[in-house]
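Report on the following structure.
The values are calculated or read from the model by the stated rules, or taken from the named source; none is laboratory data. The shown structure was predicted, so the numbers you read here are calculated from the model rather than taken from an experiment. Cβ atoms come from the backbone with ideal geometry, glycine included; neighbour counts cover every protein chain shown.
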């Protein structure tokens with residue numbers, strides 16, 4: 001699904017962003033770009049993210065399924081959750097996993113990176129985005145293989161979920 005250079009570049013980018021975020025919180029000398037978009041409602045956010053996901057799916061591709069429904073967003077930083085929506089993309093073959101493409105589209109649409117929601121591994125990734133009123137967390141999951149068994153063939157496909165909800169006021173990393 002992903003190549004090693006892409007994974008390393010993403011990992012380096014995440015480390016740079018988190019490092020800058022931590023420095024910015026400590027001495028206010030580094031600031032992340034602010035969001036340049038805002039939405040009238042959570043339903044508008046849902047519809048926008050759903051449209052992004054649908055644009056990425058080639059017409060007639062039966063191996064990619066897009067759906068949307070209600071979801072709960074659980075903060076990583078405060079003991080609270082809030083109702084939102086989840087846009088799900090399930091890929092059942094080796095086509096591609098649209099996580100990076102959705103992330104790029106959110107950034108192009110004016111969402112800012114929420115560095116507190118960022119992690120990456122061989123079996124998945126999490127990327128956070130925010131506006132002044134909303135948060136959207138992208139999660140991608142796939143079979144990353146088995147480093148201890150060179151003969152292991154990872155299962156095809158992936159799942160991407162974009163959970164979007166109103167921002168919780170104290171939902172910030174503790175650094």
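A few points about this structure:
- Those residues of the range 102-124 which are surrounded by fewer than 16 Cβ atoms within 10 Å (Cβ to Cβ) and either in contact with a helix residue (DSSP H, G or I) (Cβ under 6 Å, 6 or more places away or on another chain) or within 17 Å of residue 66 (Cβ to Cβ) (or both), in sequence order: none
- Count - residues of the range 14-44 that are surrounded by 14 or more Cβ atoms within 10 Å (Cβ to Cβ), out of contact with any strand residue (DSSP E or B) (no Cβ under 7 Å at 6 or more places or on another chain) and modelled with pLDDT of 85 or more: 1
- Residue check for residue 115: in a loop (DSSP other than H, G, I, E, B) and farther than 14 Å from residue 166 by Cα: no
- Criterion: in contact (Cβ under 8 Å) with a residue 60 or more places away in the chain, within 10 Å of the chain's Cα centre (by Cα) and more than 15 Å from residue 88 (Cα to Cα) - qualifying residue of 161, 119, 125, 131: 119
- Condition met for residue 47 (surrounded by 13 or more Cβ atoms within 10 Å (Cβ to Cβ) and either in a helix (DSSP H, G or I) or without any contact (Cβ under 8 Å) to a residue 24 or more places away in the chain (or both)): yes
- Selection of the range 100-114 for residues being in contact with a strand residue (DSSP E or B) (Cβ under 7 Å, 6 or more places away or on another chain) and under 15 Å from residue 35 (Cβ atoms) yields 103, 106, 111, 112, 113, 114.
- Test result for residue 128, in contact with a helix residue (DSSP H, G or I) (Cβ under 7 Å, 6 or more places away or on another chain) and within 20 Å of residue 170 (Cα to Cα): no
- Qualifying residue in the range 86-93 (condition: over 14 Å from residue 53 (Cα atoms), in contact with a helix residue (DSSP H, G or I) (Cβ under 7 Å, 6 or more places away or on another chain), crowded, with 18+ Cβ neighbours inside 10 Å and modelled with pLDDT of 90 or more): no
- Looking only at the range 125-149, and only at residues there that are surrounded by 14 or more Cβ atoms within 10 Å (Cβ to Cβ) and in a loop (DSSP other than H, G, I, E, B), the one that is modelled with the lowest pLDDT: 145
- Test set (1) modelled with pLDDT under 85; (2) in contact with a strand residue (DSSP E or B) (Cβ under 9 Å, 6 or more places away or on another chain); (3) more than 22 Å from residue 72 (Cβ to Cβ) - residue 152 fails condition number: (2)
- Residue check for residue 66: in a loop (DSSP other than H, G, I, E, B) and modelled with pLDDT of 90 or more: no
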